[in-house]
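The values are calculated or read from the model by the stated rules, or taken from the named source; none is laboratory data. These figures come from a predicted structure and were not determined experimentally. Quick reminder, even Gly has a Cβ in these numbers, built from the backbone with ideal geometry, and neighbours come from all protein chains shown. Remember, those area values only see protein heavy atoms, side chains included, never the ligands or the DNA or RNA. Shrake-Rupley method; radii C 1.70, N 1.55, O 1.52, S 1.80 Å.
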Amino acid sequence: MAGLDALGARPAGTHRRRLSLQRAGAIVYLIACLDDGIAGHLVLSWSGANEWAVRSSMADCPAIIDLLVAPNRRGRGIGTR
């Protein structure tokens with residue numbers, strides 16, 4: 001979890017909560033690794049976006065909730081493959 005916490009400010013327990021949601025089948029939590037550490041992460045929510053405006057126009061559509069690549073790992077195509 002320490003490597004994930006280094007990616008950016010997230011409320012305490014965010015990554016543990018996401019892993020729990022993945023185990024329950026509610027989301028897919030992908031963690032990108034490169035060389036010696038964690039390069040980024042992505043959360044795919046099967047229930048769709050959190051924002052009402054998006055949910056109302058795209059019902060029953062999975063949504064990318066959080067895509068992040070560490071600043072020192074950007075420009076290498078990590079979020080594209």
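A few comments on the model shown:
- Most mobile listed residue (Ser56, Ser20, Ser45) in the chain, GNM with C-alpha springs under 10 Å: Ser56
- Cβ charges +1 (Lys, Arg) and -1 (Asp, Glu), total dipole of the chain, debye: 60
- Crossing angle, helix 14-23 versus the chain [Cα axis fit, 0-90 degrees, rounded to tens]: 60
- Per-residue accessible area (protein heavy atoms, 1.4 Å probe) orders Val43, Val28, Val54 as Val54, Val28, Val43, starting from the largest.
- The residues packed around Ala24, meaning those with a beta-carbon under 15 Å from its beta-carbon, carry a net charge of +4 if Lys and Arg are +1 and Asp and Glu are -1.
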